[in-house]
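Engineer: Take a look at this one; I'll ask things after.
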Amino acid sequence: MQYLNFASELAERVDWRDVYPNPRVGCVIVRDGEILSTGVHEKCGGAHAEVAALNEFELYKNRTSQSSNSDFELEVYITLEPCDHFPGKKTGSCTEALLKLKPGKVVIGAIDPLFGGKNVEKLREAGITVEVVDHERSKALSRKKPYVILKMAQTVDGRIGQITNFNLQNPNSEEKIKSPAYISSLESRKKVHQWRSEADGILTTTKTVLADDPLLDCRLVNKNIAQDLFLFGASDVLKGSRILQVPNRNVFCFEGKDVARDLREISEMGVQTLFTECGSHMATALLQQDLVDEIRLFVAPKIWGKGVAVFANEIDVSQFSMTNVEEVGGDVLMKFMRG
């Protein structure tokens with residue numbers, strides 16, 4: 001999955017608005033474990049990821065005087081089944097481009113519903129080994145649900161808040177969760193701001209906004225970035241909230257009674273990657289409804305002894321595997337992905 005993950009990462013860096021209504025696609029060409037070229041679909045009507053990677057590969061061959069006789073040793077990793085001709089298509093066939101290259105193997109992260117696997121068969125009929133893998137990150141780039149990244153930060157004893165008598169029905173009450181000092185380190189928060197800047201939008205809740213009154217911006221890495229905000233819960237209590245003070249920001253409100261349906265609607269708006277900034281109840285709901293694609297969990301070297309737990313209930317997360325553990329500014333960052 002290493003190269004498909006990298007291809008997905010490249011595709012996720014593209015602004016979905018630039019390629020809409022097309023999906024974002026990434027491609028990586030590899031030989032003997034070495035990445036020779038990469039490509040992404042950057043603009044609707046422009047070169048597709050495969051063509052961009054093939055163009056870069058040709059430059060590589062010219063620089064290194066490589067012959068085409070070794071092209072059969074190549075492995076091509078693509079997040080989405082390559083395209084083919086159809087009426088009204090603005091670009092050439094990526095399937096034909098791959099047939100011309102004739103690599104030894106093509107690995108595909110997701111089948112394109114428009115072609116339904118027929119281009120996979122075309123490649124196989126030409127003698128090319130094709131593997132179609134169940135790659136959630138690739139599928140999220142093209143399916144009708146955003147790729148949801150659940151970010152949480154907790155103390156060693158699993159706490160995210162210190163006072164629990166929050167009254168959502170009466171937001172003007174003095175009984176609110178005390179906004180604690182930051183749980184995570186400055187270095188961790190900078191990383192979070194970078195992640196926010198890379199996503200298509202940020203998911204949060206009324207309860208989080210009322211409790212913490214956050215900006216949810218990217219100021220630690222780029223103060224000029226204003227990510228769209230998708231707010232779940234009552235919107236009539238937000239007057240004066242700091243999230244509304246971020247210039248050029250769009251805030252879209254959802255009741256949050258059917259989160260899966262709301263995510264489908266967000267996907268139809270062109271959002272492919274959604275980064276969460278929410279509390280324990282929304283985090284638990286997302287996991288229980290199997291709507292999360294990736295978990296990024298910070299654990300800070302603090303013990304509070306009591307307060308709000310990071311998750312509201314026991315949750316089965318056996319579909320996730322830990323993919324990375326690292327130290328960030330004294331915190332421990334753990335990443336979990338499906339599969």
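Values in this text are rule-based calculations from the coordinates and carry no lab data. Every value quoted in this text rests on a predicted model; they were computed, and no experiment measured them. Note that each Cβ is placed from the backbone with ideal geometry, even for glycine, and that neighbours are counted across all protein chains shown.
Engineer: Based on the mean of other beta carbon atoms within 10 Å per residue, what is the order of 292-299, 251-258, 27-34, most packed first?
Structural biologist: Working: 292-299: 20.5, 251-258: 14.6, 27-34: 18.1.
With the highest mean Cβ count within 10 Å placed first, the list reads 292-299, 27-34, 251-258.
Engineer: Then there is this: Of all trypsin sites (Lys or Arg not before Pro) in the stretch 117-151, which ones are in loop regions per DSSP and have a Cβ with at most 16 other Cβ atoms within 10 Å? Walk me through the numbers on the way to the answer.
Structural biologist: On the way: sites: 118, 122, 124, 137, 139, 143, 144, 151; in loops: 143, 144.
Sparse-neighbourhood loop trypsin sites (Lys or Arg not before Pro): 143, 144.
Engineer: Cβ neighbours within 10 Å, averaged per peptide: list 268-278, 73-83 in order, most packed at the top.
Structural biologist: Details: 268-278: 20.5, 73-83: 25.1.
Answer by packing, highest mean first, reads 73-83, 268-278.
Engineer: How large is the dipole of the chain about the Cα centre if only Lys and Arg carry +1 and Asp and Glu carry -1, each at its Cβ, rounded to the nearest 20 debye?
Structural biologist: Details: 42 positive and 47 negative charges, 131 e Å.
Roughly 620 debye, rounded to the nearest 20.
Engineer: Once label points are set 7 Å from the Cα along Cα→Cβ at both residue 9 and residue 318, what is their separation, rounded to one decimal in nm?
Structural biologist: About 3.0 nm, to one decimal.
Engineer: Pairs 43/223; 151/191; 100/122; 43/335; 145/207; 145/257: which are spaced more than 19 Å apart, C-alpha to C-alpha?
Structural biologist: Values: 43/223 25 Å; 151/191 11 Å; 100/122 12 Å; 43/335 30 Å; 145/207 23 Å; 145/257 17 Å.
Beyond 19 Å: 43/223; 43/335; 145/207.
Engineer: 5 Å is the cut-off here: which amide hydrogens, built 1.01 Å from N in the peptide plane, fall below it relative to residue 328, excluding neighbours closer than 5 in sequence?
Structural biologist: Sorted by chain and number, the residues that satisfy this are 333.
Engineer: Turning to a different aspect of this structure: In terms of modelled amide H atoms, which long-range or inter-chain residues lie less than 5 Å from the amide H of residue 80?
Structural biologist: 26, 109, 110
Engineer: Using only the Cα atoms, work out Rg/Rh for the stretch 293-339, with Rh taken as the Kirkwood radius, to two decimals. Intermediate results must be reported in sequence, preceding the final value.
Structural biologist: Numbers: Rg = 12.4 Å, Rh = 12.3 Å.
Reported Rg/Rh (Cα atoms, Kirkwood Rh): 1.01.
Engineer: If you don't mind, there's one more thing I want to ask. Search the structure for amide H atoms under 5 Å from the amide H of residue 153, placed 1.01 Å from N in the peptide plane, and list their residues when 5 or more places away or on another chain.
Structural biologist: Result for residue 153 returns 298.
Engineer: Using Cβ contacts closer than 10 Å as the measure, can you line up 223, 207 from fewest to most? Don't jump to the answer; show the numbers that get you there.
Structural biologist: Working: 223 12, 207 22.
Final ranking by Cβ density, sparse to dense: 223, 207.
Engineer: Okay, moving on. Okay, helix-only estimate at 222 nm for the chain: each DSSP H run of n ≥ 4 adds -39500 (n - 2.57), divide by all residues, round to 500 deg cm²/dmol; what do you get?
Structural biologist: Details: 10 runs with 91 residues, N = 339.
When only DSSP H runs of four or more count, the value is -7500 deg cm²/dmol.
Engineer: Quote the charge dipole size of the stretch 1-61 about the Cα centre in Debye, to the nearest 20; the model charges only the Cβ of Lys and Arg (+1) and of Asp and Glu (-1).
Structural biologist: Values: 6 positive and 10 negative charges, 25 e Å.
Computed about the Cα centre, the dipole is about 120 debye.
Engineer: Give me the orientation-averaged projected area of the Cα convex hull of the stretch 193-339, in nm², one decimal.
Structural biologist: Seen from a random direction, the Cα hull of the stretch 193-339 projects 9.7 nm² on average.
Engineer: Using Cβ counts within 10 Å as a stand-in for footprinting exposure, how do 135, 281, 193, 41 rank, fewest first? If you can, show how the numbers build up before the last one.
Structural biologist: Numbers: 135 23, 281 16, 193 19, 41 27.
Final ranking by Cβ density, sparse to dense: 281, 193, 135, 41.
Engineer: Could you estimate the translational diffusion coefficient of the chain from the Stokes-Einstein equation, with Rh from the Kirkwood formula over C-alpha pairs, at 10 °C and 1.306 mPa s, in whole µm²/s?
Structural biologist: Answer, rounded: 73 µm²/s.
Engineer: Where does each of 156, 310 land when they are ranked from fewest to most other beta-carbon atoms within 10 angstrom? Don't skip to the answer; put the middle values down first.
Structural biologist: On the way: 156 12, 310 20.
With the fewest neighbours first, 156, 310 line up as 156, 310.
Engineer: Leaving out same-chain residues fewer than 8 places away, which aspartates and glutamates sit with a Cα under 13 Å from that of residue 306?
Structural biologist: Leaving aside aspartates and glutamates fewer than 8 places away in the same chain, those within reach of residue 306 are 157.
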